[in-house]
Each structure stands twice: as structure tokens, then as C-alpha cells.
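Undergrad: Could you have a look at this structure, given as C-alpha cells, before my questions?
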Amino acid sequence: MALRDDWLRDLKRAHTELGFRHVRFHGLLSDDMTQRRGDGATRRHGDKISASPRLPISVSPPRVFDFLLSIGMRPFVELSFMPAALASGKKTVFHYKANVTPPKNYKEWARLIEQLVVHLVERYGENEVREWLFEVWNEPNLRAFWRGTQRDYFRLYRHTAEAIKTVSASFKVGGPATAKSAWIADFVDYCERNDVAADFVSTHYYPNDGFENDGGTEVQLFKSQRGIMREVAQNTRAHARGRPVYYTEWNTSSNPSDELHDESYAAAAIASTVMEANGLVEGYSFWTFSDIFEEHGLPTVPFHGGFGLLTLHGIPKPAYRTFELLHDLGEQQSLVDGLHETVDCSVVQKESSVTVLLTNHTTPGHSIETEEIHIRLTNAREPIAARIRRVDPDHANPKRLWVEMGRSESLSQKDIDRLETASALVSEKQGVEFQDGSVFLKTNLPAHGVAAITIDFNPQKLCLKSHDSDLGEVGTVTR
């Protein structure tokens, strides 16, 4: 899958336009990625390496790693699943038959990990690999992905961490890579009690976690709560005891065929989540960047509710455009005075501009409507221009055009071009007023909409009022 031209194309686009820095994927150690020992040499995707005389299989860096580094990205290395030659059982998951049983010999597993890491160093150099992160397994708290116990996983983790650190103590390893933010305290306790390295904590969370058996996805999300990702991230951060936290899987739901993934609902949920969790986690890994995704077999319908930010044909969904807006923000976030049940407002400064990011979002089944937003920026200079970019049911919404086109499964290049155009962010002039050192603006924000209003000033230091936190003061957001 990771060698498909369209998959690589979409990944490069996501990196270039959205600023994504790492990519994580399953199955690095599955049978289609490892080779049984033969005549002393083996091949993986055309790369000849020496097979270990002590192991029944051999593993080497996949060629996709070469591609990642060539475009300025790095892998977030998920060490899974179990090669059949090392597995204690035959239980598998997904159509590509990923083995989810513990190793029958943990020392052989450790030697395989050490062999892999040695090959990575030989190919890319220790200084490069030092910048990577090694994550042990995927969701071991779910029986679908791990047929052992928590104790078995901790044993696997210890052997893996020790093997990696044998190659270089500077390499970063972490876990427990659990679903639903589970096992964090137990994992940290185990590592500290047994002097096992844990350089970071990783886990997953989806807003419908815990409600998977309660009807359809919208019912599950209704039973969840707005802002749940921030609450969960705060708890995980506390249990991590100062270690960096990575959410290596998240999305607006865990349903691989959720229509909301293709709509502006996802865009607003993403913007709200990212801004709310700012400063709580080291990184969020969105699952996934593309609908070219084969866990349940490749789909054929252009808009089928897949996890991806890009459709099968590489058409950006509203969620993609929201990440594009987020990538264009600055780094100096200002304080905002004002509360609303569904509207969030963030203000971020660059050297000569301020962007006001607005979201109007709640979970399905809860009251939400178009809101008129009034904003006041205090202690500012007179602006020279302002513009607004939107993602909502009427903007950057290619699915709506696809529906109008008859929901065709077969798209011509002309169709794809039309849908690409419909997905684009459009910059429109935004009216502003300036009076007595304050900038005033207002706009309407539809339900499940995102708007980024950028106000340009003359290129000199902004004069927004500062506090001890070095964040500017912004006026109220009202209905």
C-alpha cells in the first residue's frame, strides 16, 4: 500500500500543504514486510540484506522510509504486527492477516527488533534515527489487536525497549499505544518500577469511544460530549508524569464509513479539538491522510465516509482545508474573553497580522444554528486589510457538488477537476472598523462552520496589550 503512486502523491501533498511531519502506519513487521531466512540473503522491496543465522526471518527498512526522508518527513515507527515465524498463535486481524498474538520466544522478538534498528542506522545514520520515535505495538488493550494480557504486553514492551536502547541509548521508545487512553498510569508505573525506558507516552482516542455499541455513529457522538478530547488529553498528560504525550490515532469518530468524515462537521470538530488541546500534547496523528486505506478492503465510492483527509481521487475534504487553515496560523496565541455554547474563538499573531479562527461546533443531536459573531481586538493599530476564508456547508465542500453530479462512482478527469475546484479555500474581503485603538469586525458563522479572518497591519511590531503570559488581550465573542 505504501508504495502506491497515488498514496505517495497524497502523502507528499499533505506534507507540503498541511505541514505534516511524521507518518505512522501498521504492519511494519507483518509477513508481507519480512522474509523467512533462506540462503543467507533476503530481499525486501528490492533491497538485499543479510539474514540473521539466529532467526527464522529477517527484516530491513522499507523503501517508503526512503521516500519519507526525501520529501522532508520522518516515520513514527509503529512496531507491529507479529511475524508468523515468531508468533505463538494464528489469530489475525484485517484482510492482510496481521498476526496479533504474542511472540512464542520474547528473546527472538528482541533480536528481530535489534536487527531492524541496526539496519536503520546503517541506512540512515544514527543522527537521523535519533530524531525518530519507536512505538511498541498497536492498541494492545483491545483483543482484536493483542491476544495476550496486559502483563504480556508489558513484557513485550520491555524486551523491545531494551533491544532499541542496545543499539543506541539516545533512541526514543514509548507506548502503550492503547485505544481509549487506557493503561497510561499502569504503563508508567511498570516502567518506573522496573527501570524500563519510556521516553514518551502514546495512546489513541476517538470521540465515540465507549459508545460503540449504542446505535449508529451519530447516536454514539450524541452520547459523548463536546470538548471530550481536551478532557481526555488533560488526564493522559497528568498520568504521563512529565513525558511527552502523542495521540497517534484520532479522528472525529472511529467509524471507517462515517458520512460526517466527508462533511464540514469534521472540519469544525478538528479545528475545535486542535485549538482546545494546544499545549497539552506533543503531537496529534490524524487517522488518516488519505482514503486509500485497505484495512477493510479498498472502497470504490469517491465520498464513502472514509477516515482520510483526501478522497480516493485526491480531492481535499473540508477536514483537509481546516488543517490548511491551521497550518497557516502563527505561533503566538492570544487570550480571548467571551464564552458561547457552540462557538470557539482563537486569536493567533504573526509579525504583521492577526488571524481570528472561529468554529461553530457541537456533537450531533444538540442544538446549533448560524451565529452572528462580534469581535473586538483591543490595543491595536489601524489595519490595512482583512480577509476571510471559510469551511462550511457552502464553502470548500466538494461532496455537495458530487451529490449534485449524481453520486457517480466513476469520475472522469474533468469531474475530478471540478471537485478539486469546489474544495478550494476562497479568500474574500472582510469588513472591519477601527476606533480608539480597537478593531471591530463581525461575521455570520453557520452550524459546523470554520472561519479564519486574517487582519493585516503595517509590518512593524503589533501593539496588542500584553500580560505576564505574553499573550495579547482580545475582546468578547458574542451572539
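The values are calculated or read from the model by the stated rules, or taken from the named source; none is laboratory data. Note that the structure is predicted; figures quoted are calculated from it, not measured. Positions of Cβ are backbone-derived with ideal geometry, glycine not excepted, and every protein chain shown enters the neighbour counts.
Undergrad: Looking at segment 235-270 only, could you name the residues that are part of a helix (DSSP H, G or I), in contact with a strand residue (DSSP E or B) (Cβ under 9 Å, 6 or more places away or on another chain) and not β-branched (Val, Ile, Thr)?
TA: Pass one, segment 235-270, residues part of a helix (DSSP H, G or I): 235-240, 259-262, 264-270.
Applying the additional criterion that residues be in contact with a strand residue (DSSP E or B) (Cβ under 9 Å, 6 or more places away or on another chain) yields 236-237, 239-240, 264, 267-270.
Passing the criteria: Arg237, His239, Ala240, Ser264, Ala267, Ala268, Ala269.
Undergrad: Still on this structure, I have one more. If we keep just the residues of segment 217-255 that are more than 21 Å from Leu280 (Cα to Cα) and hydroxyl-bearing (Ser, Thr, Tyr), which is farthest from the chain's Cα centre (by Cα)? Even if it seems obvious, please write down each step before you answer.
TA: At the first step, the residues of segment 217-255 found to be more than 21 Å from Leu280 (Cα to Cα) are 217-223, 254-255.
If we keep only those that are hydroxyl-bearing (Ser, Thr, Tyr) too, we end up with 217, 254.
Numbers: Thr217: 20, Ser254: 13 Å.
Restricting to residues being more than 21 Å from Leu280 (Cα to Cα) and hydroxyl-bearing (Ser, Thr, Tyr), the top hit is Thr217.
Undergrad: Does Thr370 fit the bill of being in contact (Cβ under 8 Å) with a residue 12 or more places away in the chain, in contact with a Pro (Cβ under 7 Å, 6 or more places away or on another chain) and farther than 15 Å from Ala452 by Cα?
TA: Against the criterion (in contact (Cβ under 8 Å) with a residue 12 or more places away in the chain, in contact with a Pro (Cβ under 7 Å, 6 or more places away or on another chain) and farther than 15 Å from Ala452 by Cα), Thr370 qualifies.
Undergrad: Looking only at segment 390-401, decide whether some residue is of a type in the set (Lys, Arg), within 27 Å of the chain's Cα centre (by Cα) and at pLDDT below 90. Show your work before the answer.
TA: Kept after step one, since they are of a type in the set (Lys, Arg), are these residues of segment 390-401: 390, 399-400.
Now restrict to residues that are within 27 Å of the chain's Cα centre (by Cα): 390, 399-400.
If we keep only those that are at pLDDT below 90 as well, we get none.
No, the conditions are met nowhere in segment 390-401.
Undergrad: Same structure again: How about segment 331-365: which of its residues are over 30 Å from Gln220 (Cα atoms) and surrounded by fewer than 16 Cβ atoms within 10 Å (Cβ to Cβ)?
TA: First pass over segment 331-365, keeping only residues over 30 Å from Gln220 (Cα atoms): 331-337, 347-356.
Correct list: Glu331, Leu335, Asp337, Glu351, Ser352.
Undergrad: I'd like to check which strands (runs of 3 or more DSSP E) are fully inside segment 366-438 and have at least 3 residues that are buried (at least 17 other Cβ atoms within 10 Å of the Cβ) and assigned by TED's automatic domain parsing to the domain that holds Ser346.
TA: Details: elements: 371-377, 385-391, 433-435.
In segment 366-438, 371-377, 385-391 are the strands (runs of 3 or more DSSP E) which contain 3 or more residues that are buried (at least 17 other Cβ atoms within 10 Å of the Cβ) and assigned by TED's automatic domain parsing to the domain that holds Ser346.
Undergrad: Here is a further query. Looking at this structure, is Gly297 in the same structural domain as Ala177 (by TED's automatic domain parsing), at pLDDT 95 or above and either over 14 Å from the mean Cα position of the chain (by Cα) or surrounded by 23 or more Cβ atoms within 10 Å (Cβ to Cβ) (or both)?
TA: Values: in the same structural domain as Ala177 (by TED's automatic domain parsing): yes; at pLDDT 95 or above: no; either over 14 Å from the mean Cα position of the chain (by Cα) or surrounded by 23 or more Cβ atoms within 10 Å (Cβ to Cβ) (or both): yes.
Spelling it out, it is not the case that Gly297 is in the same structural domain as Ala177 (by TED's automatic domain parsing), at pLDDT 95 or above and either over 14 Å from the mean Cα position of the chain (by Cα) or surrounded by 23 or more Cβ atoms within 10 Å (Cβ to Cβ) (or both).
Undergrad: Might you check whether a residue that is modelled with pLDDT under 95, surrounded by fewer than 19 Cβ atoms within 10 Å (Cβ to Cβ) and of a type outside the set (Gly, Ala, Ser) occurs anywhere in segment 263-275?
TA: Looking for residues that are modelled with pLDDT under 95, surrounded by fewer than 19 Cβ atoms within 10 Å (Cβ to Cβ) and of a type outside the set (Gly, Ala, Ser), one finds at least one in segment 263-275, hence yes.
Undergrad: Hey, can you tell me all the residues within segment 138-161 that are part of a helix (DSSP H, G or I) and of a type in the set (Val, Ile, Thr)? Talk me through it step by step, then tell me what you get.
TA: We begin by selecting, within segment 138-161, every residue part of a helix (DSSP H, G or I); these are 150-161.
Answer for segment 138-161, where residues must be part of a helix (DSSP H, G or I) and of a type in the set (Val, Ile, Thr): just Thr160.
Undergrad: How many residues, within segment 325-356, are in a loop (DSSP other than H, G, I, E, B) and within 16 Å of Leu441 (Cβ to Cβ)? Don't jump to the end; show me each part of the working.
TA: Initially, segment 325-356 is screened for residues in a loop (DSSP other than H, G, I, E, B), giving 328-331, 337-342, 350-352.
In the following step, the residues that additionally are within 16 Å of Leu441 (Cβ to Cβ) were identified as 337-338.
Qualifying residue count for the region: 2.
Undergrad: Now for a different question. Is at least one residue of segment 244-255 on the phi > 0 side of the Ramachandran plot and surrounded by fewer than 21 Cβ atoms within 10 Å (Cβ to Cβ)?
TA: Looking only at segment 244-255, we keep the residues that are on the phi > 0 side of the Ramachandran plot, and these are none.
Checked against the condition, which is being on the phi > 0 side of the Ramachandran plot and surrounded by fewer than 21 Cβ atoms within 10 Å (Cβ to Cβ), segment 244-255 yields no hits at all.
Undergrad: If you don't mind, another one. Out of the residues in segment 189-234 that are outside any helix (DSSP H, G or I) and of a type in the set (A, V, I, L, M, F, W, C), which is farthest from Phe76 (Cα to Cα)?
TA: Step one: of segment 189-234, the residues outside any helix (DSSP H, G or I) are 194-216, 224-227.
With the extra rule that they be of a type in the set (A, V, I, L, M, F, W, C), the set shrinks to 196-198, 200-201, 211.
Numbers: Val196: 20, Ala197: 17, Ala198: 15, Phe200: 12, Val201: 13, Phe211: 29 Å.
Ranking the qualifying residues of segment 189-234, first place goes to Phe211.
Undergrad: Residue check: is Glu282 more than 24 Å from Val77 (Cα to Cα), surrounded by fewer than 19 Cβ atoms within 10 Å (Cβ to Cβ) and assigned by TED's automatic domain parsing to the domain that holds Ala179? Lay out the reasoning, then the answer.
TA: Details: more than 24 Å from Val77 (Cα to Cα): no; surrounded by fewer than 19 Cβ atoms within 10 Å (Cβ to Cβ): yes; assigned by TED's automatic domain parsing to the domain that holds Ala179: yes.
No, not satisfied.
Undergrad: When you check Arg226 against the structure, is it basic (Lys, Arg), touching a His at 6+ places or on another chain (Cβ under 9 Å) and surrounded by fewer than 23 Cβ atoms within 10 Å (Cβ to Cβ), yes or no? So that I can check it myself, show each step before the final result.
TA: Values: basic (Lys, Arg): yes; touching a His at 6+ places or on another chain (Cβ under 9 Å): yes; surrounded by fewer than 23 Cβ atoms within 10 Å (Cβ to Cβ): yes.
When the stated conditions are applied, Arg226 passes them.
Undergrad: State which residue pairs qualify: first residue closer than 14 Å to Pro62 by Cα and assigned by TED's automatic domain parsing to the domain that holds Gly72 and inside segment 108-130, second residue acidic (Asp, Glu) and surrounded by fewer than 19 Cβ atoms within 10 Å (Cβ to Cβ) in any location, beta carbons under 6 Å apart, and separation of 6 or more residues or different chains.
TA: none
Undergrad: Counting only residues that are free of Cβ contacts under 8 Å to residues at least 12 places away in the same chain and not in a loop (DSSP other than H, G, I, E, B), which one in segment 67-92 is surrounded by the fewest Cβ atoms within 10 Å (Cβ to Cβ)? It would help to see each step written out before you state the result.
TA: We begin by selecting, within segment 67-92, every residue free of Cβ contacts under 8 Å to residues at least 12 places away in the same chain; these are 70, 90, 92.
Then drop every residue that is not not in a loop (DSSP other than H, G, I, E, B), which leaves 70, 92.
Details: Ser70: 9, Thr92: 18.
Only one residue fits best here, namely Ser70.
Undergrad: Answer yes or no: is there a residue in segment 423-432 that is of a type in the set (Lys, Arg) and touching an Asp or Glu at 6+ places or on another chain (Cβ under 8 Å). Write out each step before concluding.
TA: The first filter runs over segment 423-432 and keeps only residues of a type in the set (Lys, Arg), leaving 429.
Checking which are touching an Asp or Glu at 6+ places or on another chain (Cβ under 8 Å) leaves us with none.
Among the residues of segment 423-432, not one is of a type in the set (Lys, Arg) and touching an Asp or Glu at 6+ places or on another chain (Cβ under 8 Å), which makes the answer no.
Undergrad: Suppose we filter segment 93-111 for residues that are more than 17 Å from Tyr153 (Cβ to Cβ) and either touching a Pro at 6+ places or on another chain (Cβ under 7 Å) or part of a loop (DSSP other than H, G, I, E, B) (or both); how many remain?
TA: Summing the residues that are more than 17 Å from Tyr153 (Cβ to Cβ) and either touching a Pro at 6+ places or on another chain (Cβ under 7 Å) or part of a loop (DSSP other than H, G, I, E, B) (or both) in segment 93-111 gives 4.
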